[in-house]
1. Order of H61, H85, H174 from fewest to most other C-beta atoms within 10 Å?
2. Taking 1 over the mean of 1/r across every pair of different Cα atoms in the stretch 1-86, what Kirkwood radius in Å do you get?
3. Go through the stretch 124-137 residue by residue and turn each phi into a ³J(HN,Hα) via Karplus (6.51, -1.76, 1.60, θ = phi - 60°); whole Hz please, and just put x for glycine and proline.
4. Quick one: 3J(HN,Hα) in Hz for the stretch 7-16, Karplus 6.51/-1.76/1.60 with θ = phi - 60°, rounded, Gly and Pro as x.
5. Given charges of +1 on the Cβ of Lys and Arg and -1 on the Cβ of Asp and Glu, with all other atoms neutral, how large is the dipole of the stretch 3-230 about its Cα centre, in debye to the nearest 20?
6. List the relative contact order of the stretch 98-162 as a percent without decimals, with contacts defined as Cα pairs under 8 Å and 6+ residues apart.
7. Over the chain, what relative contact order in percent results from Cα pairs under 8 Å that are six or more residues apart?
8. What does the convex hull of the Cα atoms of the stretch 3-230 come to per residue, in Å³, rounded to a whole number?
Amino acid sequence: MKIIAGNWKMNGSRDSLVHMVTALQDIDSKNTVILCVPYTMLGVDGGRVAIGAQDASAHDHGAYTGEVSANMIAATGAKYVIVGHSERRQYHGETNDIVRAKAAAVIAAGLTPIICVGETMDEKQAGKTMAIIESGVRESVPNDANNNVIVAYEPRWAIGAGLTPTDSEIADAHKLIADTLTSMGLGDTPVLYGASVKGTNAAQIMSIPNVDGVLVGGASLKPDDFIPIITSVK
Ligand code: PGA
């Protein structure tokens with residue numbers, strides 16, 4: 001069984017979410033399906049689909065205009081929160097320390113963070129991929145996460161670009177992440193691959209060792225694109 005998580009980014013509407021969850025109710029799949037949507041769509045009943053958010057404040061409550069706490073997200077019935085997505089790191093300056101604080105707040109609210117790590121093109125070209133991934137995991141995942149986390153490896157240069165690493169690059173990254181999590185006492189943590197996943201490459205990517213599922217951006221927006229990813233593996 002795999003985890004198929006969609007990241008809608010700043011797209012969609014409550015109506016399109018209802019349309020999507022309706023389309024997903026009767027598909028023949030035992031995989032766990034998660035849709036991480038903008039805050040304004042939280043509260044829509046996902047049925048067999050778990051609903052998640054895309055960010056949470058590191059703070060509980062207070063004078064933080066524009067922020068939304070993990071407890072507020074939990075009160076909508078959501079179960080997951082993406083933290084440390086590449087676009088948050090790039091456009092909002094989120095560091096591993098900030099990501100860890102947010103992930104800890106998400107866990108404290110009883111939700112599961114989907115913590116993203118991955119290298120930029122500059123880091124890849126400088127030969128730093130493995131070091132960035134390892135420090136990303138060590139510094140972004142709370143030590144006391146108690147296996148209540150999901151990690152997503154998202155090579156930042158491949159997101160939305162129609163590019164993917166080679167199978168052996170994905171295998172090496174996921175082995176490193178699995179080993180790092182094991183050394184932190186978090187060996188049962190699922191590790192997803194994300195960046196340019198489509199119906200045509202999902203099954204192959206999910207056959208790579210230590211790939212427990214996928215985090216899907218663009219191809220999670222329409223049932224015709226998302227359903228083939230979910231049904232591509234049993
Ligand atoms: P993509 O996005 O599937 O459109 O590459 C993945 C992500 O940003 O999570």
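Nothing in this text is a laboratory measurement; each read-out follows from the coordinates by a stated rule. Bear in mind that the values here come from a model prediction, so they are computed numbers and not experimental data. Positions of Cβ are backbone-derived with ideal geometry, glycine not excepted, and every protein chain shown enters the neighbour counts.
1. H61, H174, H85
2. The Cα-based Kirkwood calculation yields 13.5 Å.
3. Karplus values, whole Hz, x for Gly and Pro: 4, 5, 7, x, 9, 3, 5, 5, 5, 5, 5, 5, x, 5.
4. Couplings: 10, 7, 6, 9, 9, x, 8, 4, 5, 6 Hz.
5. Magnitude of the dipole: close to 220 debye.
6. Relative contact order, the stretch 98-162: 47 percent.
7. Values: 481 pairs, mean separation 48.1, N = 234.
Relative contact order of the chain: 21 percent.
8. Details: hull volume 25.6 nm³, N = 228.
Residue-normalised Cα hull volume stands at 112 Å³.
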